[in-house]
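A.B. asks: Quick one: the structure is below, and I'll ask about it shortly.
The values are calculated or read from the model by the stated rules, or taken from the named source; none is laboratory data. Just so we're clear, the structure is a prediction, and the values are computed from it rather than from any experiment. All Cβ positions, glycine included, derive from the backbone under ideal geometry; neighbour counts span all protein chains shown. Accessible surface is based on the protein model in full, side chains and every heavy atom, while ligands, DNA and RNA are left aside. Shrake-Rupley method; radii C 1.70, N 1.55, O 1.52, S 1.80 Å.
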Amino acid sequence: MKRVSRFLFAVVCLTLAVSSALASDTNTLSWRVKQNQVDASIQNWPLFTLLKKISSATGWKVYVEPSTTADVSVKFKNLPEDEALRRLLGKLNYFRDQTNGVSRLFVFRTVSTAATQMVQTEPKKDYRIPNELIVKLKRNPTNSIDQLAKKLGATIISRDDKLGLYRLQFADGSTTDLAGQSLASDPSVAAVDANYSVDRPTPVSLTQTGQAPSGPAFNLNPPVVNGPIVGLVDTSVDPPAEFQKYMLTPVSVVGTSEEPSDQPTHGTAMLETLLSSMAADPSKVLPVDVYGSGDSTTTYDVMEGIIAAVNAGANPINLSLGGTGNSSMLGSLIQEAEQKGVEFVAASGNTPGTEETYPAAYPGVLAVTASAPNGQLASYADDGNFVRAMEPGTATIVWNGGIWTVEGTSPATATMTGAITSLENQDHITPQQAAANLIQTHPPPRP
């Protein structure tokens with residue numbers, strides 16, 4: 001298979017938002033608008049907490065009659081919206097309408113016109129790091145990054161001189177904004193973008209379910225020596241010895257990391273899920289750590305991880321991660337790699353609804369959601385219009401002598417990436433051709 005040559009990218013500067021919230025491990029509200037289905041497991045929520053969650057989950061403007069109170073305790077699954085509202089609101093009255101494309105919900109004790117107090121929804125998380133910028137210099141720039149940083153009073157905290165890619169830190173947000181304007185007009189600068197935090201991937205559940213039997217876990221064949229390399233951009237890996245022959249030497253773009261001693265890392269779980277999905281046609285996997293020991297990483301580090309994977313010849317690349325801002329520079333990097341034939345597979349996210357999740361929502365990325373054991377959309381899974389395929393959201397792995405079950409859109413994504421690679425090896429086709437075939441046979445649910 002043809003490998004991608006050294007990757008030097010040139011960055012070019014770029015629904016209804018539906019979300020649900022988890023109040024705690026026992027209080028959940030899952031509102032699947034397109035399926036007209038609602039799940040709830042709630043104990044003693046104040047009325048305003050419930051109404052905030054409903055507004056966030058549906059995008060409705062919610063109004064309540066002043067001085068109206070209630071404590072909500074209810075549990076149900078797969079109810080239509082109207083029946084769910086009746087169960088959630090109990091003895092309170094409600095009325096819904098739509099004006100100029102805006103849906104409104106009025107909750108009241110007396111008459112609907114008394115519902116005048118607007119419920120303020122919880123603000124969405126701002127992933128932008130307020131005092132950082134990512135800068136891409138042009139080839140043979142007139143001004144070096146050191147000169148630019150000194151002029152703007154910035155500290156260079158990460159640099160890739162081969163690519164002309166740099167991460168700058170400033171004293172505060174206002175200084176950062178002014179520096180961004182200055183850099184955007186500088187003739188030496190190809191692109192400038194905010195740097196965003198990226199959540200550490202966390203499965204819906206990761207539990208030990210038994211003891212591993214002796215012998216090979218999956219009875220895999222030897223890896224295809226000349227087959228595709230699978231890029232796993234994730235956390236660090238610590239697989240059992242029997243899996244190590246299926247992976248290349250791990251790469252880290254963030255230094256060393258300390259492995260947890262009580263459970264497998266997210267990267268380890270994805271590595272084994274990839275191999276399991278490759279079945280009898282496993283290829284080598286290149287793990288790329290972009291998190292280290294941190295609770296999160298940044299789009300700069302994710303970019304460096306993707307570049308490292310592409311430069312090593314990885315294709316496809318698995319991104320079982322998400323939770324970041326819409327970085328135009330990261331999106332441009334992925335787009336240029338796709339134009340060179342690299343297939344990206346990314347998780348849609350573990351927040352039910354249709355809100356865009358990045359990097360899965362970038363154009364061209366194969367975004368994967370998760371199904372429940374019954375084959376329907378999992379209650380925790382995002383199913384926005386950017387989603388292109390669905391795979392089972394539960395995988396079984398072996399680690400430290402135990403059998404573990406991992407659940408979420410992350411294993412669903414790794415399952416799809418493994419299936420693409422297996423199909424490549426079986427039919428001798430490109431990753432894009434394999435992905436197109438699997439999208440047809442593993443579509444997401446649509447109303």
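A.B. asks: Could you give every pair whose Cβ atoms fall below 8 Å, whose first residue belongs to segment 55-81 and is on the phi > 0 side of the Ramachandran plot, and whose second residue is among the polar types (S, T, N, Q), counting only separations of at least 6 or pairs across chains?
C.D. replies: GLY59/SER103; ASN78/GLN37
A.B. asks: Here is a further query. Yes or no: segment 234-252 includes at least one residue that is over 25 Å from THR394 (Cα atoms) and loosely packed, with under 14 Cβ neighbours inside 10 Å.
C.D. replies: Yes.
A.B. asks: Residue under question is THR176, and the condition is that it be of a type outside the set (Gly, Ala, Ser), in contact with a strand residue (DSSP E or B) (Cβ under 7 Å, 6 or more places away or on another chain) and in a helix (DSSP H, G or I); does it hold?
C.D. replies: Yes; evaluated as a whole, the condition is true for this residue.
A.B. asks: Mind telling me which of the residues SER261, SER236, SER283 ends up being in contact with a Pro (Cβ under 8 Å, 6 or more places away or on another chain), in a loop (DSSP other than H, G, I, E, B) and more than 20 Å from ALA412 (Cβ to Cβ)?
C.D. replies: Details: SER261 fails: in contact with a Pro (Cβ under 8 Å, 6 or more places away or on another chain); SER283 fails: more than 20 Å from ALA412 (Cβ to Cβ).
Every option except SER236 fails the conditions.
A.B. asks: Here is a further query. If the Cβ limit is 9 Å and pairs must be 6+ apart or interchain, which residue in segment 183-199 that is open to solvent by less than 20 Å² (accessible area, probe 1.4 Å) pairs with which residue that is among the acidic types (Asp, Glu) and outside any loop (DSSP other than H, G, I, E, B)?
C.D. replies: ALA194/GLU132; ASN195/GLU132; VAL198/ASP301
A.B. asks: With the requirement that a residue be crowded, with 24+ Cβ neighbours inside 10 Å, closer than 21 Å to ILE429 by Cα and among the hydrophobic types (A, V, I, L, M, F, W, C), what does segment 334-345 give you?
C.D. replies: PHE344, VAL345
A.B. asks: When the residues of segment 117-160 are filtered to those that are among the basic types (Lys, Arg) and under 24 Å from the mean Cα position of the chain (by Cα), which remaining residue is modelled with the lowest pLDDT?
C.D. replies: Ranking the candidates gives LYS124 first.
A.B. asks: Across segment 143-167, what is the number of residues that are within 16 Å of VAL192 (Cβ to Cβ) and assigned to a loop (DSSP other than H, G, I, E, B)?
C.D. replies: 6
A.B. asks: Ok, one more. Take the residues in segment 253-284 that are open to solvent by 30 Å² or more (accessible area, probe 1.4 Å) and among the charged types (D, E, K, R), then tell me which one is farthest from the chain's Cα centre (by Cα).
C.D. replies: Of everything passing the filter in segment 253-284, ASP281 is farthest from the chain's Cα centre (by Cα).
A.B. asks: Could you list, in sequence order, all residues of segment 70-117 that are among the small types (Gly, Ala, Ser), under 16 Å from LYS52 (Cα atoms) and open to solvent by less than 50 Å² (accessible area, probe 1.4 Å)?
C.D. replies: Selection gives ALA70, ALA84, SER103, ALA115.
A.B. asks: Filter segment 124-141 for residues that are in a loop (DSSP other than H, G, I, E, B) and touching a strand residue (DSSP E or B) at 6+ places or on another chain (Cβ under 6 Å) and give the result. Give the derivation first.
C.D. replies: To start, the set of residues in segment 124-141 that are in a loop (DSSP other than H, G, I, E, B) comprises 124-127, 138-141.
Residues satisfying the conditions are TYR127, LYS138.
A.B. asks: Can I ask one more? Of the residues LEU330, LEU319, which single one is within 18 Å of the chain's Cα centre (by Cα), among the hydrophobic types (A, V, I, L, M, F, W, C) and under 21 Å from THR202 (Cα atoms)?
C.D. replies: When all the criteria are applied, what remains is LEU319.
A.B. asks: Are any of the residues in segment 49-68 open to solvent by 50 Å² or more (accessible area, probe 1.4 Å), of a type outside the set (Phe, Trp, Tyr) and within 25 Å of the chain's Cα centre (by Cα)?
C.D. replies: Among the residues of segment 49-68, at least one is open to solvent by 50 Å² or more (accessible area, probe 1.4 Å), of a type outside the set (Phe, Trp, Tyr) and within 25 Å of the chain's Cα centre (by Cα), which makes the answer yes.
A.B. asks: Only one residue in PRO443, PRO359, PRO431 is at negative phi, surrounded by fewer than 21 Cβ atoms within 10 Å (Cβ to Cβ) and touching a strand residue (DSSP E or B) at 6+ places or on another chain (Cβ under 8 Å), so which one is that? Explain how you work it out, then say what you get.
C.D. replies: Numbers: PRO359 fails: surrounded by fewer than 21 Cβ atoms within 10 Å (Cβ to Cβ); PRO431 fails: surrounded by fewer than 21 Cβ atoms within 10 Å (Cβ to Cβ).
After applying the criteria, what remains is PRO443.
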